[in-house]
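Working notes, beginning with the structure itself.
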Amino acid sequence: MGSETKNRLVSDQVRSQLRLPNVGQIGYVVKDVYHAIQDLQVTKQRIPWLVLDHDHQRSLAGRQGRCTLRIALAYEGPLQLELIQVLKGETIHVGAAEISEIKIHHFGFMVHDLENRLKYCQGQGAKLLQKGTINSAGITVDYAYLDTSDISGTNMILELIQWRLGPFPMPTNRYVFSLLLTLGSWNIFKGKIVR
């Protein structure tokens, strides 16, 4: 998917108003990650997926709680694909998991300063839906899901995503992902590589 095509997924008006970078991720919520990977491997080229289970603290509509998600990540060109399966807990993904077909849940944007970006987006009218932090083998992923319906006029969910290695911002791209796969996800991240 070329950069022109992927950036048409979120209108220029919304990206400009919220000062967002290019779309970096397309997120899907599925009933079963492994089944969804098999379905996608039939319709797309066979690409490696990194599958991880994460239990973490999250804030949902201002309420604190825990959830466990099975997350699968892969790259199609420069675009990260994410499959999310809810294993336990209440999250914004629960209702979307009931849909039988694989359907886009959110568009993700890789940022370096999530807190400042979040404040700015909220000042522009975006509403915080869910926020959390996932830690695995020294890598931290901070995320925030935003409802932008008042800005975009559609029921579009955007996600701000910040990866860190210790306290330092970490780039998120297919080259870093390939390095993680090469290092061996099973030993480092307690994950699994699926091809």
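FYI, it's all coordinate maths here, none of it is from the lab. Since we're looking at a predicted model, the values are computed, not measured. Backbone-built Cβ (ideal geometry, glycine too); neighbour counts: all protein chains shown.
Structure notes:
- Net lengthening on full extension, residue 16/residue 76 (0.36 nm per residue, minus Cα-Cα): 19.1 nm
- Computed P(r) (all Cα pairs; the chain; 5 Å bins; percent): 1, 7, 15, 21, 22, 18, 11, 3, 0
- Where only DSSP H runs of four or more residues are counted, the chain gives -7000 deg cm²/dmol as its mean residue ellipticity at 222 nm, each run worth -39500 (n - 2.57).
- Under 27 Å between alpha carbons - lysine pairs in the chain that sit 8 or more apart or on different chains: 28
- When you count the other C-beta atoms within 10 angstrom of each residue and take the mean per peptide, 163-176, 103-116 line up highest first as 103-116, 163-176.
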